[in-house]
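Chemist: Before I ask anything, let me first share the structure, which is written out below as structure tokens.
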Amino acid sequence: MLPVKLIDADFERTQESAFAQHYPRFDVTASAVDTDSPAARKMRELFARHKEVPARLLASTARFAASPKVDNLYAPFMQAENDVILMKDANVLLEPDALAEHLRQLNDDVGLVCAIPYCAGLDNFPAHVEAAIINGPHARMLFLASCFRQGMGSARSCCSAAADFLRAGGFDAISHTVGEDNAFGHALARVGQRPVFSHRPVRQDLGRRSFHDVYQRQLRWSVIRRNDELLSFLAEPICQAFPAVVAGALASPLAGITPFWGGTLTLALWFALETLLSIAKGWQLSYAAPAVFVVREAVMLAVWVNAWMTDRVVWAKDKVQARVAASHKPQTSERAAVAARKEG
């Protein structure tokens, strides 16, 4: 399932990767609110180039969820011909065996397989700042969680069985928040299943970004964590460089140096370790990396403070409420629709 709205960086290449999966039988369903938008028209061009893969574009008419993405996914989910579904964002590039690898990890205990994203295709300074956030603190925490066999919902690329989704509560379990991926992970836990991370990260192309877009996207994710993962949210500043720099300055007399040099050396060490990690992973770096690092730390701290003060976030250029009360879904029953689909 490919929900589309805007033409993101390298849109054609990333969406085309869904058609190039090395798997015996699969189909591609795109969905859009506006089926005559530039993104929808581009999808039709891709359909024409890949006639060997059954594909279609559905109009998204549902309006019941806090997340516009959930609304956009309702129609393709209800009309899906296969039980196992892989959903990916428009700027995520799938390797040819991504579908097979996701499916390999689904079992009786695992109901959701997500891929940790890493950022590439960075065309300006704000894009490097966002990549430093996602490839840095975010990726480290997710990789650490994966090492301890822990997982969580991550909507860039995720795979699950429709039957498991419905057993975990279906759209009722995820429609109240713009953090629908994380909500699904919690819903699975309540029925004895768990989310895991795929052993292979997925590439997310950023292209050109504006500082406003970077800030608003990070604010949305931070508000989601404040609402849904409060303990993790409270600990976030500890995972950033600024508290370590303060600690280094305070501890500097123990090493016989001044607080200035204690803080400076701590900052330099933190930056050096992150740079080595990026080099080891083959992630894109620039000569402006020191400035990117400093700006990233300032942005993350500002976002964390701002997240305490708002529930209004930006999703694909639109302002939405991060969490809403339950509302009525379309009249068609989820279970009846899936049953009818199976019988047909």
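Where a number appears in this text, it was derived from the coordinates with a stated rule and is not lab data. Given the structure is predicted, the values throughout are model-derived calculations rather than measurements. Don't worry about glycine lacking a Cβ; one is built from the backbone with ideal geometry, like all the others, and counts go over all protein chains shown.
Chemist: Show that you can apply the helix-only estimate: for the chain, add -39,500 (n - 2.57) for every DSSP H stretch of four or more residues, divide by all residues, and state [θ] at 222 nm to the nearest 500.
Modeler: After summing the helix terms and dividing by the residues of the chain, the value is -14000 deg cm²/dmol.
Chemist: Among PHE125, ALA66, ALA39, whose Cα lies farthest out toward the positive end of the dipole of the range 30-147, if unit charges sit on the beta carbon of Lys, Arg (+1) and Asp, Glu (-1)?
Modeler: ALA39
Chemist: In addition: Of the options THR264, VAL191, LEU206, report the single residue whose Cα projects farthest towards the positive end of the charge dipole of the range 184-288 (beta-carbon charges: Lys, Arg +1; Asp, Glu -1).
Modeler: VAL191
Chemist: Of TYR23, GLN240, GLY179, which is farthest on the positive side of the dipole of the chain, counting Cα position, with +1 on Lys and Arg Cβ, -1 on Asp and Glu Cβ, and the Cα centre as origin?
Modeler: It is GLY179, whose Cα lies furthest towards the positive end.
Chemist: Just subtract the alpha-carbon distance of ALA247 and ASN107 from 0.36 nm times their residue separation and send over the number in nm, one decimal.
Modeler: Gain on stretching ALA247 to ASN107: 45.9 nm.
Chemist: Between ASP123 and LEU6, what's the calculated FRET efficiency when r is the beta-carbon distance and R0 is 25 Å? Round to 0.05.
Modeler: 0.95
Chemist: Same structure again: Quickly work out the LEU230-to-ARG49 label distance, labels modelled 7 Å from Cα along the C-beta direction, and quote it in nm with one decimal.
Modeler: The answer from the label model is 4.9 nm.
Chemist: Could I ask something else about it? Looking only at the chain, where both bridge partners belong to it, what percent of the DSSP beta bridges are antiparallel (to the nearest 5)?
Modeler: So the antiparallel bridges amount to about 45 percent of the total.
Chemist: Calculate, for ASP318 and PHE211, the FRET efficiency according to 1/(1 + (r/R0)^6) with r their C-beta to C-beta distance and R0 25 Å; round to the nearest 0.05.
Modeler: Plugging the Cβ-Cβ distance into 1/(1 + (r/R0)^6) gives 0.85.
Chemist: For the chain: lysine pairs with Cα atoms under 16 Å, gap of 8 or more or different chains, count?
Modeler: Lysine pairs meeting the criterion: 10.
Chemist: Quick check: pseudo-label points 7 Å beyond the Cα along Cα→Cβ at ILE279 and LEU265, how many nm apart are they?
Modeler: 2.1
Chemist: For the chain, set up a GNM with springs between Cα atoms under 10 Å and report which of GLY170, GLY207, GLY263 has the largest fluctuation.
Modeler: Checking each option, the largest mean-square fluctuation is seen for GLY263.
Chemist: Show me the helices of the chain, taken as full DSSP H stretches, that run 20 Å or more along their long axis by Cα and average -1.0 or above in Kyte-Doolittle hydropathy.
Modeler: Result, helices passing both filters: 259-281, 289-307.
Chemist: Only four residue types carry charge here, +1 at the Cβ of Lys and Arg and -1 at the Cβ of Asp and Glu. Report the dipole size of the range 32-107 about the Cα centre in Debye, rounded to the nearest 20.
Modeler: I would put it at about 240 debye.
Chemist: Treating only the Cβ of Lys, Arg, Asp and Glu as charged (+1, +1, -1, -1), what charge dipole size does the range 82-135 show about its Cα centre? Round to the nearest 20 debye.
Modeler: Dipole of the range 82-135, to the nearest 20 debye: 120 debye.
Chemist: Only Cα pairs within less than 10 Å get springs; with that Gaussian network setup on the chain, which residue of LEU285, LEU144, LEU106 has the largest fluctuation?
Modeler: LEU144
Chemist: What number do you get for the chain when its Cα radius of gyration is normalised by 2.2 N^0.38 Å, N = residues? Walk me through the intermediate numbers first.
Modeler: Details: Rg = 21.1 Å, N = 344, 2.2 N^0.38 = 20.2 Å.
Against the compact-globule rule of thumb, the ratio is 1.04.
Chemist: Using r as the Cβ-Cβ distance of ASP36 and ASN306, and R0 as 41 Å, what FRET efficiency do you calculate, to the nearest 0.05?
Modeler: Computed FRET efficiency for ASP36 and ASN306: 0.70.
Chemist: Quick one: dipole size for the chain, taken about the Cα centre, charges +1 on Lys/Arg Cβ and -1 on Asp/Glu Cβ, in debye to the nearest 20. Please list the in-between numbers first.
Modeler: On the way: 37 positive and 35 negative charges, 55 e Å.
Value, rounded to 20: 260 debye.
Chemist: Same structure, new question: For the range 184-261 and the range 154-169, write down the distance between their C-alpha centroids in whole Å.
Modeler: Taking the Cα centre of each part, the range 184-261 and the range 154-169 sit 24 Å apart.
Chemist: So, counting K/R as plus one and D/E as minus one, what does the shell of residues with Cβ under 10 Å around ARG209 add up to?
Modeler: -1
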